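What follows is one structure encoded as structure tokens, with my remarks underneath.
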Amino acid sequence: MLRKLLFCTIAGLALVAMAACDKPSMPDPEQPPEPQAGHTQLRDAIQQPLDKARAVEDAGKQAAEAQRAAIEEAGG
């Protein structure tokens, strides 16, 4: 008797739990998602070292060009 009651209780709870599960609703295809412009921290963290490397590369190119010009002026 007690086993039957326990089985029915567990089965009932399982049915209630399964009935509570529902597929999430799909977003409206007519309305595009809002842009997430405020979430730029990751992009900035990636972009900052790249910008720094480009600046160093430009400075190196300018220094090499100045050295070549100095060598040419010296007659080399």
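Is it the case, given these coordinates, that GLY12 is under 36 Å from the mean Cα position of the chain (by Cα) and of a type outside the set (Asp, Glu)?
no
For the subset of segment 6-40 comprising residues that are polar (S, T, N, Q) and loosely packed, with under 10 Cβ neighbours inside 10 Å, which member is modelled with the lowest pLDDT?
The residue in question is GLN36.
On the given criteria, is PRO49 in a loop (DSSP other than H, G, I, E, B) and surrounded by fewer than 10 Cβ atoms within 10 Å (Cβ to Cβ)?
The answer is no for PRO49.
Condition test on GLY75, is it in a loop (DSSP other than H, G, I, E, B) and either of a type in the set (Gly, Ala, Ser) or more than 37 Å from the chain's Cα centre (by Cα) (or both)?
Considered against the rule, which asks whether it is in a loop (DSSP other than H, G, I, E, B) and either of a type in the set (Gly, Ala, Ser) or more than 37 Å from the chain's Cα centre (by Cα) (or both), GLY75 comes out as yes.
The values are calculated or read from the model by the stated rules, or taken from the named source; none is laboratory data. Note that the coordinates shown come from a computational prediction; the quantities given were computed from them, not determined experimentally. Cβ sites come from the backbone with ideal geometry, for glycine too, and all protein chains shown count toward neighbours.
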